[in-house]
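Structure, as structure tokens:
The values are calculated or read from the model by the stated rules, or taken from the named source; none is laboratory data. Quick caveat: nothing in here was measured; it's all calculated off a predicted structure. Cβ placement follows ideal geometry from the backbone for every residue including glycine, while neighbour counts extend to all protein chains displayed.
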Amino acid sequence: MQATKPYLTAIKARGQLTIPKKIREMKHLEEGQTVSLIPLGDAVIIAPQRLELDEARRRINRILKDAGVQADDLLTGLVKEREALYRERYGKKAR
């Protein structure tokens, strides 16, 4: 087991806690990600809640945002591509 350095942070007035950037990067924690708080004696363990579907949704949203593409634009393009593929394969327009 690797030795770890403790990090100090303060709980804000509304109960918010900032996880230091180095830990967020090391543990791949992203804004909006859900974490579990597990009371253990005098300590509290913060563990990432890794839901595959939510994680995939977050990554897709980030890719779209970085590319400057809106989901509606992507879906519109998908309809056009599907119609073109249908015409190519079956020789007529999809219903």
K5 within 17 Å of the chain's Cα centre (by Cα) and either surrounded by 10 or more Cβ atoms within 10 Å (Cβ to Cβ) or without any contact (Cβ under 8 Å) to a residue 24 or more places away in the chain (or both): no
Options R24, R57; residue that is outside the structural domain of A71 (by TED's automatic domain parsing) and either surrounded by 10 or more Cβ atoms within 10 Å (Cβ to Cβ) or within 10 Å of the chain's Cα centre (by Cα) (or both): R24
Test for I46: is it surrounded by 10 or more Cβ atoms within 10 Å (Cβ to Cβ) and either among the basic types (K, R) or part of a helix (DSSP H, G or I) (or both): no
Unique residue being at pLDDT below 85 and part of a helix (DSSP H, G or I) when the list is E81, E88, E25: E81
All positions within the range 60-78 that are assigned to a loop (DSSP other than H, G, I, E, B), of a type outside the set (A, V, I, L, M, F, W, C) and surrounded by 10 or more Cβ atoms within 10 Å (Cβ to Cβ): Q70
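Go through the range 8-20 residue by residue and tally those that are surrounded by fewer than 10 Cβ atoms within 10 Å (Cβ to Cβ) and either assigned by TED's automatic domain parsing to the domain that holds R59 or not in a loop (DSSP other than H, G, I, E, B) (or both).
1
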